1. Placing +1 at every Lys and Arg Cβ and -1 at every Asp and Glu Cβ, with all other atoms neutral, what dipole size does segment 51-160 have around its Cα centre, in debye to the nearest 20?
2. Which whole-number percent is the relative contact order of the chain (Cα, under 8 Å, 6+ apart)?
3. What aspartates and glutamates could a cross-link reach from LYS82, if we take a straight Cα to Cα line under 19 Å and drop same-chain neighbours fewer than 8 places away?
4. Pop the C-beta distance of ILE11 and THR151 into the FRET formula with R0 = 25 Å and round what comes out to the nearest 0.05.
5. Please report, in debye to the nearest 20, how large the charge dipole of the chain is about its Cα centre when each Lys and Arg carries +1 at its beta carbon and each Asp and Glu carries -1 there.
6. Give me the net charge for the shell around LEU118: Cβ to Cβ below 15 angstrom, other residues only, Lys and Arg +1, Asp and Glu -1.
7. Excluding same-chain residues fewer than 8 positions from LYS117, which lysines have a Cα within less than 29 Å of its Cα?
8. Applying 1/(1 + (r/R0)^6) with R0 = 41 Å to the Cβ-Cβ distance of SER130 and TRP185, what FRET efficiency is obtained, to the nearest 0.05?
Amino acid sequence: MRPEPLTRRQIQRLLLLGLLCTAGWLASVLVGHHVDCGPVLHRFGLAGHILALVLSFGTILVVDWLGLLWLLGKVEMHASGKLEAAAKPLIWGGLALLLASGALIDPDLTNPVTVVKLVCVLVLMLNGLSIAPAMHRLLALPPHTRFSELTRGLRLRLMVALTVSQARWWTAVLIGLINSTLRRWTGA
């Protein structure tokens with residue numbers, strides 16, 4: 001069974017959301033680089049950044065864990081999809097807060113590792129948007145559908161999205177932790 005292609009309207013919506021994500025990311029990076037928020041706002045920004053990370057990445061981990069359980073045949077496919085649909089506001093709200101708070105913590109754009117972190121954040125947002133059509137196709141299938149019963153293309157798309165998501169999240173988190181620790185140690 002071949003999945004239905006995306007409609008022109010769906011493609012336009014995804015492109016618009018992608019542009020909005022990119023614009024929000026770029027605004028956060030530019031404000032963070034050009035505006036000195038001072039030490040007090042930096043502390044509030046860092047606290048908000050950590051809370052947003054827990055909110056969005058924590059939710060992603062739970063959704064991906066349930067997806068892995070489905071892949072292993074431990075839960076029905078729709079359990080993961082329903083959780084993902086319910087979790088979207090937490091994930092995207094956390095990402096929005098990450099962008100807003102990230103602008104307050106003075107990212108060092110001269111540091112290539114920081115630039116890698118920032119690019120990871122943009123990629124994971126765009127990846128999150130790009131997986132939506134595959135999730136709709138997945139949820140249109142019967143609840144007892146197993147991973148092995150999906151088309152090769154859909155299986156590949158889901159695995160690529162999961163890999164990109166986890167790799168970018170963990171890279172961004174580890175770079176943020178290292179940067180924050182180094183700032184504290186060097187007094188910067």
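1. 440
2. About 30 percent, as a whole number.
3. ASP64
4. 0.80
5. 500
6. Net of charged neighbours comes to 0.
7. Counting by Cα, and skipping residues close in sequence, LYS117 has these lysines nearby: LYS88.
8. 0.60
FYI, it's all coordinate maths here, none of it is from the lab. Bear in mind that the values here come from a model prediction, so they are computed numbers and not experimental data. Ideal geometry is used to build each Cβ from the backbone, glycine not excepted, and the neighbour counts take in all protein chains shown.
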